[in-house]
Amino acid sequence: MNNKWLKILTVILIFYTFIGGMWRPLNPGIMEVTPDNIKSGTKVEINISTYNTHLDQTDNTFYLSIDSSYNIKGTFSNIKSSNEASVTFDIPTYLPVAAKMSNASLLIVNSKDGGYARPSTISITQDSVDVEAGKTLWSKVHIESFPDAPTKGFPFRLILEETIRNIYYHVPFWMAMIILFSFSVFYSIRFLIKPKAEDAYRVFAFNRVGLFYGIMGLITGAIWAKNTWGQYWSGDIKQNMTAIALLIYASYFILWKTFKDEQVQLRVSSAFTIFAYVAMIPLLFVIPRLYDSLHPGNGGNPALGGEDLDNTMRMVFYPGVIAYTLLGLWLSNLFYRIIRMENILKQ
């Protein structure tokens, strides 16, 4: 990576990722709703705690919604602060469902924050079922449109909250690590087919930076885990398999120092790199999917989807992946030149 324009692009993208990932605020969201269990046919006061909202600066409308089609409006609201309110709802006697219990979503609409919701946040029970009466009672209010916020922020997600920004650093580290290790195994195969010391030096450089990226991925992941799972290391299958994969790659550097004969050193370390790469694939991408896991995309736990990684996040996430990859290639090239120079000086 000797092109100065690529280096300039790398620096620009790194700064863009850090500044863009921290600068934009989160969208308004609902953090807590109490009580979360109520009965039909009662008047109930619901306490609401929100995030990054302006409840005290505008008129607000509160709704309870079942299946997005049946809605009732709050009859009275007491705005306590920009992020706190209590709302009174007259819950109809019957629900618009053929069951004695249904979950209702809470919706808040105002001109300052737009519209935002907390899905299925309140459980409503009824003593007797009358679907037609319930549909009539819950169809008196129609929500024509759900206004957007005047300013578009990053998505608000419960539990993640502000830590959702870590996706711009944690995930790009991992993706760039995979790319670097892929370059490493490519040069390993090339060296074993046609031995050339420069290729083995590149393997060393890519493995060194790739391992560093992996460690950074573990650190950022542990910080994220502390805020979402409650502890830095929970013994999650993804964490454990990742640690094993990185320990295998760390063994490469032990092998590198073990052999005194340079040709043996280069051949064995290159062969070991292929083994490490082949072992990494099931450790990171297969085994975690076979067991229960808290990590997104593993053990039946869905990965971040289109609603989580929306356009505002993609504008930062993809440049972040490119930035960390280019930085990894840049660092790998520096380490390659260093080790090559060291071997030239030894001779």
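Spatially, region 206-238 and region 69-87 are offset by 40 Å when compared through their Cα centroids. Listed by chain and number, the aspartates and glutamates whose C-alpha is less than 20 Å from the C-alpha of residue 140, apart from same-chain residues fewer than 8 away, are 67, 90, 130, 132. From the alpha carbon centroid of region 26-61 to that of region 324-347 is 57 Å.
With both labels modelled 7 Å from their Cα along Cα-to-Cβ, the residue 279 to residue 45 distance reads 6.3 nm.
Partners of residue 346 within straight-line reach, counting lysines whose Cα lies under 18 Å from its Cα and excluding those fewer than 8 residues away in the same chain: 196, 257, 260. Extending 7 Å from Cα along the Cβ direction at residue 226 and again at residue 86 yields two label points whose distance is 3.7 nm.
The 3J(HN,Hα) values that the Karplus relation (6.51, -1.76, 1.60; θ = phi - 60°) gives for region 27-39 are, in residue order, 5, x, x, 9, 8, 8, 9, 9, x, 10, 10, 9, 10 Hz. Gly and Pro appear as x. For the chain, a crude dipole built from +1 on the beta carbon of Lys and Arg and -1 on the beta carbon of Asp and Glu, taken about the Cα centre, is about 1900 debye to the nearest 20. Size of region 1-50 from its Cα atoms: along the principal axes, largest to smallest, the extents are 72, 16, 11 Å. For region 227-249, the residues whose backbone nitrogen is under 11 Å from a point 7 Å from the Cα of residue 161, taken along Cα to Cβ, are 227-228.
Beta bridges from DSSP with both residues in the chain: antiparallel share about 90 percent, rounded to the nearest 5. Each distinct pair of alpha carbons in region 29-137 adds a 1/r term; the inverse of their mean, the Kirkwood radius, is 14.0 Å.
Over the chain, DSSP H runs of length four or greater, each weighted -39,500 (n - 2.57), average out per residue to a 222 nm ellipticity of -17000 deg cm²/dmol. Taking the C-alpha atoms only, the angle from helix 197-228 to the longest principal axis of the chain is near 20 degrees. The radius of gyration of the Cα set in the chain, together with its Dmax, comes out at 27.4, 91 angstrom.
The simple Förster model, with R0 at 56 Å and r as the Cβ-Cβ distance, assigns residue 192 and residue 139 a FRET efficiency of 0.20. Between the helical axis of 262-281 and the dominant principal axis of the chain, each derived from Cα atoms, what acute angle in degrees is found, rounded to the nearest 10? Roughly 20 degrees between the two axes.
Using Cα pairs closer than 8 Å and at least 6 residues apart in sequence, work out the relative contact order for region 29-137, in percent. Reported as a whole number, the value is 32 percent. Note on residue 264/residue 9: beta-carbon distance plugged into 1/(1 + (r/R0)^6) with R0 of 41 Å gives a FRET efficiency of 0.55.
Here, each number is a calculation from the coordinates, and none is a lab measurement. Worth saying up front: this structure is predicted, and the values here are computed from it rather than measured. Positions of Cβ are generated from backbone atoms using ideal geometry, with glycine treated the same way; all protein chains shown enter the neighbour counts.
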